[in-house]
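The values are calculated or read from the model by the stated rules, or taken from the named source; none is laboratory data. Note that the coordinates shown come from a computational prediction; the quantities given were computed from them, not determined experimentally. Neighbour counts run over all protein chains shown; Cβ positions are idealised from the backbone, glycine included. Just the protein is used for accessible areas: all its heavy atoms, side chains included, with ligands, DNA and RNA removed. Shrake-Rupley method; radii C 1.70, N 1.55, O 1.52, S 1.80 Å.
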Amino acid sequence: MHTAPSDTGPVSRTQPPSGAARAGRALPQAAAALVVVLLLLVIVRLPWAGDLGMHAATVQRLSHDLFHPGNPLVDADTPSPYYSPWMLVLGLVAKLTGLSVFVVLRLAALVGLTLLVTGVRRYVRTLSSHRMAPALALLSLLFLWGPLLFNWSGFLGLNSLALTVSYPSVFSLGLTFHFWAWVTRATREEAAWGRWLWLGVLWALILLCHQFTGVVASLGALAMVIAARPPRAVLLRLSAALALGLLLLWLWPYYDFFSLFSAGADLEAIHKPLYEHLAARFGLVLVGAAALVLRFRRDRWDPLVLFFALGVLVFAAGGLSGHYSWGRALPAALIPAQLAAALETVSAGRRAMGRAGWACLLGAALLVGAWTQVGTLGYVTGRAALPSAVASKYRTPWVGYHWITPWVKYGDVVMARTTPARQIPAYGPYTVAPGYPDVFLPDAARREDAVARYFAAGTSSADRAGILREYGVKWVVGPKSLAGPGLRKVTVGPASQVLYRVVP
């Protein structure tokens with residue numbers, strides 16, 4: 001069995017570290033602490049972009065009905081993969097406390113960020129005992145990306161994390177790092193049956209809370225088990241843990257987990273961009289790839305090397321086969337490379353000059369990555385407070401649709417195009433068509449066609465009225481040009497959007 005590695009290197013008893021050396025060791029820890037503080041301040045602002053409206057809508061439905069919430073976006077009685085154990089907890093918190101959905105999401109962000117930071121530390125400790133290793137690992141996970149800004153749920157770049165910190169993906173990633181730490185220790189120590197069964201429960205929880213992160217968690221755990229080469233007794237306990245996890249996935253009542261394997265073509269089209277601009281988005285990870293080569297030369301069974309190989313294999317298979325949703329497994333290649341880059345800096349197997357050179361290389365790469373994502377500061381300060389060079393990298397978040405809430409109530413149906421439809425359900429109303437692909441909504445295509453016809457320039461007033469009646473629409477959000485019979489203007493919002501009341 002493998003024992004916990006130590007990358008601290010020999011320590012001289014007669015020559016304590018110089019002041020410069022101590023400052024160099026403290027620098028990564030100080031930088032990591034500042035980044036965590038920045039993310040805490042971002043949580044206070046909770047910038048809105050991407051899928052935040054979907055998750056807010058999910059909490060809305062669960063806070064109103066924990067057992068039969070229905071579709072989170074449209075007025076239909078369908079299951080949803082967003083009804084996960086974590087969202088169920090958040091819905092219960094909202095129901096019991098009366099807190100607004102966005103306050104609950106801030107609490108979720110705090111939990112997710114705490115799990116992530118502590119999870120990275122715990123897992124890195126299974127790979128290195130050097131005290132700088134966790135801080136360097138966190139910085140590498142956040143900044144070792146590329147010169148082109150990339151944001152996507154489940155990907156740990158700083159800017160991406162700032163926008164998704166309240167999402168279930170961050171909660172699941174935090175659990176995943178803890179899961180890997182427990183798996184590593186369980187294989188090394190030949191843990192008892194109870195610990196392995198707990199790992200089976202945790203594996204199922206991660207998969208239910210964020211399916212794509214669950215795939216990454218599974219690949220990482222597989223790599224760690226292979227690297228440990230455990231005896232038959234451990235494999236038997238591992239099999240029991242897998243069986244328990246699969247049983248829990250099958251028993252989850254809010255949606256059929258295994259039906260997600262037959263998701264439609266829409267899911268593939270959405271994920272095709274994951275295979276574009278790879279060098280610009282992820283080029284700095286090549287530093288980590290070089291570190292993995294060095295680790296492989298030292299140990300052919302290195303868990304990070306195996307993890308990286310599995311991630312590359314799945315990602316490449318998705319691109320070659322057209323299953324672009326498999327691209328969501330890319331963190332299974334990025335994470336081990338980023339961790340390897342950090343750990344190589346504190347490797348005991350390198351001479352002092354070599355470690356210094358590697359530290360300079362990693363530091364330069366981290367600075368490039370940090371500059372790419374420096375616009376994240378704007379989520380705390382706002383654009384006006386940023387220097388012009390930094391402001392150019394800032395991406396303005398969405399404004400939201402709180403301006404319609406004095407009139408539009410929970411459960412009302414609103415006719416709106418895709419971008420508003422991604423935000424309006426966060427406040428309680430429904431939209432005619434979902435703003436996101438929904439594999440469990442059988443008439444999703446028909447609803448999308450109805451929205452397109454309603455807003456088409458050549459559609460008659462009679463046809464528009466028929467569409468509104470069919471879906472029980474009470475409100476319309478659209479341009480001024482929609483004004484006409486059957487609509488009464490109520491208010492005007494950002495970008496000259498108009499809220500209309502549907503009248504007989």
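Computed over neighbours whose Cβ is under 15 Å from that of GLY411, the net charge equals -1, Lys and Arg +1, Asp and Glu -1.
Computed over protein heavy atoms with a 1.4 Å probe, the carbon and sulfur contribution to the accessible area of the chain reaches 65%. Counting only residues at least eight positions apart within a chain, or on another chain, the lysines with an alpha carbon under 30 Å from that of LYS272 are LYS393. Partner lysines whose Cα lies under 28 Å from the Cα of LYS95, excluding those fewer than 8 positions away in the same chain, are identified as LYS409, LYS474.
Compared with the dominant Cα axis of the chain, that is its longest principal axis, helix 352-372 is turned about 10°. Taking one quarter of the surface of the convex hull spanned by the alpha-carbon atoms of the range 409-504 gives a direction-averaged projected area of 6.0 nm². In the chain, excluding the sites themselves, the longest stretch lacking any of the trypsin sites (Lys or Arg not before Pro) that are in a DSSP loop with at most 15 other Cβ atoms within 10 Å is 132-299.
First obtain the Kirkwood hydrodynamic radius of the range 140-179 from its Cα pairs, then insert it into the Stokes-Einstein equation at 25 °C and 0.890 mPa s, and state the resulting D in µm² per second as a whole number. Translational diffusion coefficient: 236 µm²/s.
Placing +1 on each Lys and Arg Cβ and -1 on each Asp and Glu Cβ, with no other charges, gives the range 373-504 a dipole about its Cα centre of roughly 380 debye.
Taken over the range 72-218, the convex hull of the Cα atoms encloses 142 Å³ per residue. Each residue of the range 97-108 was assigned a 3J(HN,Hα) from its phi angle through the Karplus expression (A = 6.51, B = -1.76, C = 1.60, θ = phi - 60°), giving 9, x, 5, 5, 4, 6, 5, 4, 5, 5, 4, 4 Hz with x at Gly and Pro.
Give me the log10 of I(q) over I(0) for the range 198-346 at q = 0.11, 0.15, 0.18 Å⁻¹, as the Debye formula computes it from C-alpha points; what are the numbers? The calculated log intensity ratios at q = 0.11, 0.15, 0.18 Å⁻¹ are -0.50, -0.89, -1.15. When the charge dipole of the chain is built from unit charges on Cβ atoms (+1 for Lys and Arg, -1 for Asp and Glu) and taken about the Cα centre, the candidate among LEU105, PRO429, THR345 whose Cα reaches farthest toward its positive end is THR345. Karplus-based coupling profile of the range 290-298, in residue order and whole Hz: 4, 5, 5, 4, 5, 5, 5, 5, 7, with θ = phi - 60° in 6.51 cos²θ - 1.76 cosθ + 1.60 and x standing for Gly or Pro. Across all directions, the average flat footprint of the convex hull enclosing the Cα atoms of the chain is 26.1 nm².
Amide H contacts of TYR430: GLY411, ASP412, VAL413, VAL414, each under 5 Å away and 5 or more positions distant or on a separate chain (H built 1.01 Å from N in the peptide plane; Pro and chain starts excluded). Cα gyration tensor of the range 336-453, axes a ≥ b ≥ c as square roots of the eigenvalues: rounded (a/c below 1.5), prolate (a/b > b/c) or oblate? Judged from the Cα gyration tensor, the range 336-453 comes out prolate (a/c at least 1.5, a/b above b/c). Overall, the range 111-191 carries a charge dipole of about 200 debye about its Cα centre when +1 sits on the Cβ of Lys and Arg and -1 on the Cβ of Asp and Glu, all other atoms neutral. Rolling a 1.4 Å probe over the protein heavy atoms leaves THR396 with an accessible area of roughly 90 Å². Dipole size of the range 223-320 about its Cα centre, with +1 on Lys/Arg Cβ and -1 on Asp/Glu Cβ: approximately 620 debye, rounded to the nearest 20. Of the residues GLY311, THR376, TRP48, the one whose Cα sits farthest toward the positive end of the charge dipole of the chain, with +1 on the Cβ of Lys and Arg and -1 on the Cβ of Asp and Glu, is THR376.
For the chain, the share of DSSP beta bridges that are antiparallel, to the nearest 5, is 70%.
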